[in-house]
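Peer 1: To start, I am sharing the structure in question, which I have written as structure tokens.
The values are calculated or read from the model by the stated rules, or taken from the named source; none is laboratory data. Values in this document were obtained by computation on a predicted structure and should not be read as measured data. Glycine also receives a Cβ, built like all others from the backbone with ideal geometry; neighbour counts cover every protein chain displayed. Side chains are part of the model used for accessible areas, which takes the heavy atoms of the whole protein and leaves out ligands, DNA and RNA. Shrake-Rupley method; radii C 1.70, N 1.55, O 1.52, S 1.80 Å.
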Amino acid sequence: MGSKTLTPASAVFLVLLFGVFAVFLVYPVGYVLESAFYREGVFTLEFFRLMFTNPVHREAIINSTMLAITVAAVTTVIALPISFVMVRRDFPGKPLLNGLLLVPMVMPPFVGAVGMQQLLAKFGSVNLLLIRIGLMSPRDPFDWLGTGFWAVVLLSVLHLYPIMYLNVAAALANVDPSLEEAGRNMGASGFRLFRSVTFPLMLPGYFAGAIIVFIWAFTDLGTPLIFNYSRVVPVRIFEAVSDIHENPMGFALVVLVLAMTVVFFAISKKVLGSSNYQMMARGHVQGSSSPLPRRWVPVVWVSIAAVIGCALVPHASVVLSAIADTWFMTILPSSYTTVYIGRVFTHPLTLSSIRNSLFLSSLSTLVDVALGVTIAYFLARKRFIGRDVLDGLAMLPLALPGLVLAFGYVAAFSGSFLDIKRNPMPLLIIAYAIRRLPYMVRAAYAGLQQTSETLEEASLNLGAGPLRTLRRITLPLVFANIVAGSVLAFSFAMLEVSDSLILAAKEEFYPITKAIYAMSLRVADGPYVASAMGLLGMVLLATSLIVAGRFLGKRLGELFRA
Amino acid sequence: MSDTGKVTYIMRFGGTRARRFWSTTLTWVLFCVPAAVVAGCSAAGRADDELVILSPHWEGIQQEFERGFAEYWKAKTGRSVDITWLDQGGTSQILRFISSEYKNSPEGIGIDLMFGGGVDPYLKLVKDGVTHPFTLPDSVLKRIPAHFAGMPMYDSTGRWYGATMSGFGIVFNKAVARRLGRFAPHTWKEMGDPAWRGWIGAGDPRLSGSIHMAYELMLQAYGWEEGWKTITAIAANTRSFARGAAEIPLSVARGDAVAGMCIDFYAWSEVTHVGSSELSFVYPVNLTAVNPDAICILRGAPHLNLAKEFVTFVMSEPGQRLWSFKKGAPGGPLKNQLNRFTVMPDLYERYPEHIAVDENPFSWRITFQYDSGLGSRRWSVVNDLIGAQLIDSHRELEQAWEALRQRGMPEEGLSLLASQPVSPEEALALAEQWKDPAIRNVYLSQWTAFARDKYRAVIRGEYGGNRQYTQ
Amino acid sequence: MVSVQLEDVTKTFGSARAVDRVTLNIARGELFFLLGPSGCGKTTLLRMIAGFYEVDEGRILFDGRDMTGVPPHKRNTGMVFQNYALWPHLSVAENVAYGLEVRKVPVTEKQDRVMRALEMVRMDSLAGRSPNQLSGGQQQRVALARALVIEPEAVLLDEPLSNLDAKLRLEMREEIRRIHDELGLTMIYVTHDQKEALSMADRLAVMNRGRIEQTGAPRQVYVTPENVFVAGFIGETNLFPGTLLPDGSSGAELQVDTPYGVLRVARKSSTAEPGKVSVSIRPEAVSVRGAEEALPGGILRGVVQSIIYLGDTEQYVVRLADGKLVRSVEANPARPRARTGEEVHLTFRSEDAIALPPDTSNGG
């Protein structure tokens, strides 16, 4: 403890930690790599050749890339001006808008997609409204969903712009105002100042946000599935899961995704040139904000409110679907009911899924707390060989899409006692835990960094052993961080999409997200019950974020940054 | 208060974070443990008797029959019964599971019954000899016809019984058709009318067995060549291919499609939900099949007597009422209206007011006979033909379709559009080698290329060439 | 209470020797100071005594018991940290009670002892406060109480007063000295403040670059520093490089030949050899006089460069012919002894001069 060197007990612990990572992170990824590059023991690039020559796969890769670029571009266009106004200008109601801008994040976009189908169908609410006010011919309603591309873009953008906003705003706030003043002093102003001074300075932060958004959009499975947009990489991978032992194409696609994310994160690391943790410790440089001219206040308000309004349409559609009694080819439901919300708690599938999700998320959160606090403790308090490796492993899941991890698990543990066809619960818990581990490590590490080591030494000095010191002093002191980290880990585990869709192979083990997906494909009340579950999820996540915000305060936003 | 007392007070009640930390941690654990326990042991109190059933039926059916049988058994013997429903995924997974389990323990696999999944799996189970023969009491058996439309309704030796029936047809949205100023399609051919471009609901047969059945039905009902023309036209009118059978009625009900292929009970459920005034379902007469959906006792059933009682319950009037009656009707389902056919023809006549579905298959005149042997043998080949030519090349198909539409649908062009790289005989022969992924992949890329070639030829208006593969 | 012995204790961080073959004997009940500039290794040494660092070479003994391999929580020392290290999540009383809880002291006795410890540092009225609500001096007292309440074998204080303002520092010095005397504790006190050390210590050790330069009672170290570093670190001094002449006929007095003439010196440090030496004369021993009033030590000629009047003392800076500056402090300066720019004579008594080994660091 007080000494930075390892005691034998902690060395054993450390070896165990590395063991966990080896089995549940390195091995599955290695297995995927091996399966993609080796056919009967011989190295081959055949599958990659096939991937780029087979028109179906090529189309999927092109579509996914276009999708991700479009989403990143549109979120940039939305987030950049908002960030500028929010960081550099003061106006009445700014804190309120600042909070509201983040609200769209409380629902995974695929849930929104369930509700949006009702709105965007050819005789859905939007077209019916346009027909009603005479802007559209009833004989030729516009097909908003089309192939599904723009629908996926829309839902992804509305969900992801807050993440882009958080990153850009942070980058902007960290641009030292004196540098801009220097630029202004040299005679630059307006766009020129932005282009030549501000933008280059905030580029690393922007880049980090753009990469998160790009990878998120590239690897999102739920939304394309709901909109039936099958010609994208994640859906191809999802389909490859069922014949994982017969067709190695799935491995090749997974390797493609993996390579892409690793390269992007490596670039962002290079550009940012700093450790992952820095953000938690970094103080907020107070950017110079000047009052917004009075006549601009209404313009800014209306524009930002419009963005928030649009972003909340999917949420509204989910709420409406959850309480709609009959909604057949009318703009709004013609009557309302709470039956579907009630059914969430009585239907065997939804009920068991809530139980499963609570169980899975609680356990994965406990695993996260145990692993995350231990890792953070080692990183913050000990010096040992392999420290950088442990740091890298703990942060790796950030660059590892759920899709890749889940596919690796299915492949690597098939036939073992962890096979998802027997019982996917253990792998689901581990997948959730590994995926959200970086949040926990970050939160706990920040807490430990802020807690002086002498507080622990004082306890040792007074005769308390290392364990008692941990229990009585260290843990209580980083309590707020642990709570915040675990609330986040818990709520995101509850709403984990890709891993759940792939890993939960049997209905009795479905977590909420997969149950929402399955329900949305049921006839009759299916989509309505699915929406009611989505509503429940929204309430849950919103509550969790508020609780986490209580503990973390302003630092909450930092968890969503790279 | 003395000084010492003050310190005691402070140390005991000091609102300090250490205590809050541990109490919160404790709360977490207390919260997690019950969650774990609840999730862990779903089987609570032990019942007098138990039954293990393997079934792909959805939980609505499971719920109704579990409740119905429990009441029946309580009334008959005064004993309670607990049913364990095993879920191994879709029908094909269930079959794989059963055969591998019997390989391990030929005496019995600890499961009493298999319930649902159509009739084809039961033919295979009989062939494998893993069903336990059981003859229903005469009073029950005499109310069920032995055959329907050429298909046996139950095995003559009692190795399986058709518990209900299901068939394919077209679900359509009258409101959409009305707004578009047309009548909704009622036959497979009408779904291929180019005027419905982008308005038809169809699915990917590779992802759903029941969608596959719809295509196979068309191929058998119309014959190979005409069948492909119909399927191609429907595919050309489809905007995007559904991943599951239920997506089609949902998209029709949403107003995203005017009509789509659908298995009857999905359509009836959606019709019941939305209301029959705007949403309807029709069987294209003589161009579809209604097949039994069976139940059987498995060899070495651990609770053989109770299993027999369950089959008897399902096949007798109380069970048949659950399938076919409206929710809340006397003897009908309580929570979920199942919208399925009864196999007891007299129920249609005796309780027309209670029957949920407005069709009585026993009143139809049917000449078309579905060959389920042929269908199951060429299953994968047909799927891959549809996949390679119609789904994976869908954009090209749509362009060719539009080109033909502008030229007034020339017959030659339509023939080329629907021309196939293989004859039905070749398709059947290929089915034998289809397990070899190498061979399969070669054909798949050939077919994709073939499809794109023919669509490009159609777009250019060169209808003569590129027929070298066809018979 | 224990005695603490350090035998050839060495600690290396990377390639840097933080503590280099330190040998010390600290007696029971002694208030012992480790004094040195920052980075001299004094805190490292203290942390080794507490057990936070392992000893690379040598041994640390408590009453003759070898402490090698004994973890910090089994050494029964009471440490007061520079930043106090009070646990913000525990109240003042709980902070103090912590060590007793660890020792499973019965509840009533525990309360009693906590109260007495708080009384001793005059913090009993604030027992229920959170440490965040206390001032720096109050936190310091609580930290002290927390270390004392466990009746440690030795109390270790790591620059305990460095974060306090000057007035409070003076107050706490007396406080700590009082507590030490009352309880008769073995205390090891680390500081870089020579006034603190001189005013409080029973004995002190001056450290530099990981080594002990000199150990002794404050007066002894001040009056007879062993070398130039000690002379310079403890108080101010004027150094005159020169050559120690072999013992002459003049009995006890030594003669050092310097560029400013031969200076008579009463003593030399044990390490000073005939040959090159530095003569150290404290400013307060240097008098500004007329030539006719020469003291036995010798006479230096120079010009007054500046005079700083401080009320109780007056400081003169006098420039010698070769430009060397010499400081002189006159106590009780009723009248100025010279004016700026005036040529003066500087003189001293030979008892106040000491010959030290030559300054090898930087010419001085």
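Peer 1: Would you work out the relative contact order for chain A, in percent, from Cα pairs under 8 angstrom that are 6 or more residues apart?
Peer 2: It rounds to 22 percent for chain A.
Peer 1: Total Å² of accessible surface buried at the B-A contact, 1.4 Å probe, nearest 100?
Peer 2: When B and A are taken together, about 4900 Å² of accessible area is lost.
Peer 1: Starting from the amide H of A:Lys122, placed 1.01 Å from N in the peptide plane, find each other amide H under 5 Å away whose residue is 5 or more places distant or on another chain.
Peer 2: For A:Lys122, the qualifying residues are B:Asp256.
Peer 1: On the principal axes of its Cα set, how long, how wide and how thick is chain C? Give whole Å, largest value first.
Peer 2: Here the Cα extents, ordered largest to smallest, are 76, 46, 36 Å.
Peer 1: Then there is this: Give the long-range amide H neighbours of C:Lys324: residues separated by 5 or more places, or on another chain, with amide H under 5 Å away, using H modelled in the peptide plane at 1.01 Å from N.
Peer 2: none
Peer 1: Hey, if we sort A:Met440, A:Met105 by accessible area with the 1.4 Å probe, largest down, what's the order?
Peer 2: A:Met105, A:Met440
Peer 1: So, one more: Per-residue HN-Hα couplings for the range B:222-237, Karplus 6.51 cos²θ - 1.76 cosθ + 1.60 at θ = phi - 60°, whole Hz, x for Gly and Pro?
Peer 2: 8, x, 3, 5, 5, x, 5, 4, 5, 4, 4, 5, 4, 4, 5, 7
Peer 1: Using +1 on the beta carbon of Lys and Arg, -1 on that of Asp and Glu, and nothing else charged, what's the dipole of the protein assembly as shown about the Cα centre, debye to 20?
Peer 2: Charge dipole of the protein assembly as shown: 2060 debye, to the nearest 20.
Peer 1: Give the calculated FRET efficiency between C:Thr271 and C:Glu7 to the nearest 0.05, with a Förster radius of 30 Å applied to their Cβ-Cβ distance.
Peer 2: Step by step, r from the Cβ atoms, then E = 0.85.
Peer 1: For the residue pair B:Asp453 and A:Arg89, what label-to-label distance in nm results when each label sits 7 Å from Cα along the Cα-to-beta-carbon direction?
Peer 2: 6.3
Peer 1: Any idea how far apart B:Leu86 and C:Thr313 come out in nm if each label point goes 7 Å out from Cα toward Cβ?
Peer 2: Reported label-point gap for B:Leu86 and C:Thr313 is 9.7 nm.
Peer 1: Per residue, how big is the convex hull of the range C:1-97 when only Cα atoms are used? Give it in Å³.
Peer 2: Hull volume normalised by residue count: 129 Å³.
Peer 1: How much solvent-accessible surface does B:Ser100 expose, in Å² to the nearest 10, with a 1.4 Å probe and all protein chains in place?
Peer 2: It works out to around 60 Å².
Peer 1: Rounded to a whole number, what % of the accessible area of chain A do carbon and sulfur atoms account for, probe 1.4 Å?
Peer 2: It is 68 percent, rounded to a whole number.
Peer 1: Further question: Going 7 Å from the Cα of C:Glu351 toward and past its Cβ, which residues in the range C:278-322 have a backbone nitrogen under 18 Å from where you end up?
Peer 2: C:280-287, C:294-298
Peer 1: Please compute the modelled spin-label separation between B:Ala329 and A:Ile385, points set 7 Å along Cα→Cβ, answer in nm with one decimal.
Peer 2: Here the modelled spin labels are 7.9 nm apart.
Peer 1: What does the convex hull of the Cα atoms come to per residue for chain A, in Å³?
Peer 2: 185
Peer 1: For B:Arg178, project a label point 7 Å along Cα to C-beta. Then give me every residue of the range B:240-267 with its amide nitrogen under 20 Å of that point.
Peer 2: Residues passing the 20 Å test: B:250-260.
Peer 1: Could you pull the accessible area for B:His394 with a 1.4 Å probe, rounded to 10 Å²?
Peer 2: Here the residue's solvent-accessible area equals roughly 10 Å².
Peer 1: Per residue of B:52-61, how many C-beta atoms from partner chains lie within 10 Å of its own C-beta, taken as a mean?
Peer 2: Other-chain Cβ atoms within 10 Å of each residue's Cβ, averaged: 2.
Peer 1: As an exercise, use a Förster radius of 25 Å and the Cβ-Cβ distance of B:Ser156 and B:Gln369 to find the FRET efficiency, rounded to the nearest 0.05.
Peer 2: Efficiency, rounded to the nearest 0.05: 0.85.
Peer 1: How high is the FRET efficiency from A:Tyr38 to A:Thr7, r the C-beta distance, R0 41 Å, rounded to 0.05?
Peer 2: Efficiency for this residue pair is about 0.50.
Peer 1: For the protein assembly as shown, treating each Cα as an identical point scatterer without solvent, what Debye log10 I(q)/I(0) comes out at q = 0.05 1/Å?
Peer 2: -0.56
Peer 1: Using a cut-off of 19 Å between alpha-carbon atoms, which lysines can reach C:Lys195, once sequence neighbours fewer than 8 places away in the same chain are excluded?
Peer 2: Partners found: C:Lys42, C:Lys167.
Peer 1: For chain C, what relative contact order do you get, as a whole percent, if you take Cα pairs closer than 8 Å and at least 6 residues apart?
Peer 2: It rounds to 16 percent for chain C.
Peer 1: When only Cα pairs under 8 Å and 6 or more residues apart are kept, what is the percent relative contact order across the range C:222-364?
Peer 2: 31
Peer 1: Tell me which lysines have Cα within less than 30 Å of A:Lys269's Cα, excluding those fewer than 8 residues away on the same chain?
Peer 2: A:Lys4, A:Lys382, A:Lys554
Peer 1: A further question on this structure: Quick one: ranking A:Trp296, B:Trp379 by accessible area, 1.4 Å probe, largest first, what do you get?
Peer 2: Listed by decreasing accessible area, they come as A:Trp296, B:Trp379.
Peer 1: For the range A:469-509, what is the Kirkwood hydrodynamic radius in Å, using each pair of distinct C-alpha atoms?
Peer 2: By the Kirkwood definition, the hydrodynamic radius is 12.5 Å.
Peer 1: Could you estimate the translational diffusion coefficient of chain B from the Stokes-Einstein equation, with Rh from the Kirkwood formula over C-alpha pairs, at 25 °C and 0.890 mPa s, in whole µm²/s?
Peer 2: 97
Peer 1: Under 13 Å Cα-Cα from B:Lys103, which aspartates and glutamates qualify once same-chain neighbours fewer than 8 residues away are excluded?
Peer 2: Correct list for B:Lys103: B:Asp128.
Peer 1: Using the heavy atoms of the protein chains and a 1.4 angstrom probe, tell me the accessible area per residue for the protein assembly as shown in square angstrom.
Peer 2: 40
Peer 1: Could you tell me which of the pairs A:Lys506/B:Lys174; A:Lys270/C:Lys11; B:Lys76/B:Lys124; A:Lys506/B:Lys127 are separated by over 30 angstrom between their Cα atoms in the structure shown?
Peer 2: Going by Cα-Cα distance, A:Lys506/B:Lys174; A:Lys270/C:Lys11; B:Lys76/B:Lys124 fall outside the 30 Å limit.
Peer 1: Residue separation times 0.36 nm, minus the C-alpha to C-alpha distance between C:Glu342 and C:Ala217: what's the value?
Peer 2: Gain on stretching C:Glu342 to C:Ala217: 41.0 nm.
Peer 1: Against the empirical 2.2 N^0.38 Å scaling, what ratio does the C-alpha Rg of the range A:45-322 come to?
Peer 2: Dividing the Cα radius of gyration by 2.2 N^0.38 Å gives 1.15.
Peer 1: Pop out a list of residues from the range B:239-255 that are at least 10 Å² less accessible with all the protein chains around than in their chain alone; 1.4 Å probe, no ligands or nucleic acids counted.
Peer 2: B:Arg239, B:Ser240, B:Phe241, B:Arg243, B:Ala246, B:Glu247, B:Leu250, B:Ala253, B:Arg254, B:Gly255
Peer 1: Once the whole set of protein chains is in place, how much accessible area is left on B:Arg407, using a 1.4 Å probe, in Å² to the nearest 10?
Peer 2: About 100 Å², ignoring ligands and nucleic acids.
Peer 1: Taking a point 7 angstrom from the Cα of C:Glu182 along the C-beta vector, which residues in the range C:90-120 have backbone N less than 16 Å away?
Peer 2: Under cut-off, by backbone N: C:112-120.
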